[in-house]
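Here is the structure we will look at, set down as structure tokens.
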Amino acid sequence: MQVLLDEQLTADAAERLRRLLLDGLARQPGVGVLRLDGQQVLSVEVPCLQVLLAAAHQAVTQGCLLELYRPSPVLKEALRLLGIESLLSVQTDARDEAS
């Protein structure tokens, strides 16, 4: 299953994101993958990063994977600045690898 993350991952969006991710995880059978497409994220705040980390932990607990796919530069930088990029499975596409 793939989820396209909103452009604005602000504190106000955290509860909506939490519900979206919990619903997505509930639909994943055992070893499924919930792929979060982060290419259009323009703004991200700590509450949404907390939600992402909590969802990643929940995914591991239920035996599946939460994968952050094609994170925008803003999202990658936020993860790096907080030192949490290694706590999420981050994938890029071939175009990202070439740059």
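The values are calculated or read from the model by the stated rules, or taken from the named source; none is laboratory data. Predicted, not measured: the structure shown is a model, and the values here were computed from it. All Cβ positions, even for glycine, are placed from backbone atoms using ideal geometry, and neighbour counts span all protein chains on display.
So that you can scan it fast, the table gives a plain yes or no per residue for (1) within 18 Å of ALA13 (Cβ to Cβ); (2) modelled with pLDDT of 90 or more; (3) of a type in the set (D, E, K, R):
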site	(1), (2), (3)
VAL31	no, no, no
GLY38	yes, yes, no
SER43	yes, yes, no
CYS48	yes, yes, no
LEU52	yes, yes, no
HIS57	no, yes, no
LEU81	no, yes, no
LEU87	no, no, no
ASP96	no, no, yes
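Would you confirm whether or not region 31-41 contains a residue that is under 16 Å from SER89 (Cβ atoms), in contact with a helix residue (DSSP H, G or I) (Cβ under 8 Å, 6 or more places away or on another chain) and part of a helix (DSSP H, G or I)?
No: region 31-41 contains no residue that is under 16 Å from SER89 (Cβ atoms), in contact with a helix residue (DSSP H, G or I) (Cβ under 8 Å, 6 or more places away or on another chain) and part of a helix (DSSP H, G or I).
On the basis of being surrounded by 14 or more Cβ atoms within 10 Å (Cβ to Cβ) and within 10 Å of the chain's Cα centre (by Cα), does ASP6 make the cut? Before you say what the answer is, go through the steps one by one.
Working: surrounded by 14 or more Cβ atoms within 10 Å (Cβ to Cβ): yes; within 10 Å of the chain's Cα centre (by Cα): no.
Spelling it out, it is not the case that ASP6 is surrounded by 14 or more Cβ atoms within 10 Å (Cβ to Cβ) and within 10 Å of the chain's Cα centre (by Cα).
Is it fair to say GLY38 is free of Cβ contacts under 8 Å to residues at least 40 places away in the same chain, in contact with a strand residue (DSSP E or B) (Cβ under 8 Å, 6 or more places away or on another chain), closer than 20 Å to SER86 by Cα and buried (at least 17 other Cβ atoms within 10 Å of the Cβ)?
Numbers: free of Cβ contacts under 8 Å to residues at least 40 places away in the same chain: yes; in contact with a strand residue (DSSP E or B) (Cβ under 8 Å, 6 or more places away or on another chain): yes; closer than 20 Å to SER86 by Cα: yes; buried (at least 17 other Cβ atoms within 10 Å of the Cβ): yes.
Yes: the conditions hold for GLY38.
Could you please let me know if LEU5 is within 14 Å of VAL90 (Cβ to Cβ) and among the hydrophobic types (A, V, I, L, M, F, W, C)?
Values: within 14 Å of VAL90 (Cβ to Cβ): yes; among the hydrophobic types (A, V, I, L, M, F, W, C): yes.
Considered against the rule, which asks whether it is within 14 Å of VAL90 (Cβ to Cβ) and among the hydrophobic types (A, V, I, L, M, F, W, C), LEU5 comes out as yes.
Being under 12 Å from the mean Cα position of the chain (by Cα), within 15 Å of THR10 (Cα to Cα), in a helix (DSSP H, G or I) and not aromatic (Phe, Trp, Tyr): is that true of VAL74 here? It would help to see each step written out before you state the result.
Numbers: under 12 Å from the mean Cα position of the chain (by Cα): no; within 15 Å of THR10 (Cα to Cα): yes; in a helix (DSSP H, G or I): yes; not aromatic (Phe, Trp, Tyr): yes.
So VAL74 does not fit the description; no.
Return yes when SER72 is among the polar types (S, T, N, Q), surrounded by 13 or more Cβ atoms within 10 Å (Cβ to Cβ) and touching a Gly at 6+ places or on another chain (Cβ under 7 Å) and no when it is not.
Numbers: among the polar types (S, T, N, Q): yes; surrounded by 13 or more Cβ atoms within 10 Å (Cβ to Cβ): yes; touching a Gly at 6+ places or on another chain (Cβ under 7 Å): yes.
So SER72 fits the description; yes.
I'm told LEU66 meets every condition in (1) surrounded by fewer than 16 Cβ atoms within 10 Å (Cβ to Cβ); (2) touching a Lys or Arg at 6+ places or on another chain (Cβ under 9 Å) except one. Can you identify the failing condition by its number?
(1)
Which one of LEU75, LEU79 is touching a residue at least 40 places away in the same chain (Cβ under 8 Å), farther than 12 Å from VAL3 by Cβ and of a type outside the set (Val, Ile, Thr)? Steps first, answer last, please.
Working: LEU79 fails: touching a residue at least 40 places away in the same chain (Cβ under 8 Å).
Result: LEU75 is the single residue among LEU75, LEU79 that is touching a residue at least 40 places away in the same chain (Cβ under 8 Å), farther than 12 Å from VAL3 by Cβ and of a type outside the set (Val, Ile, Thr).
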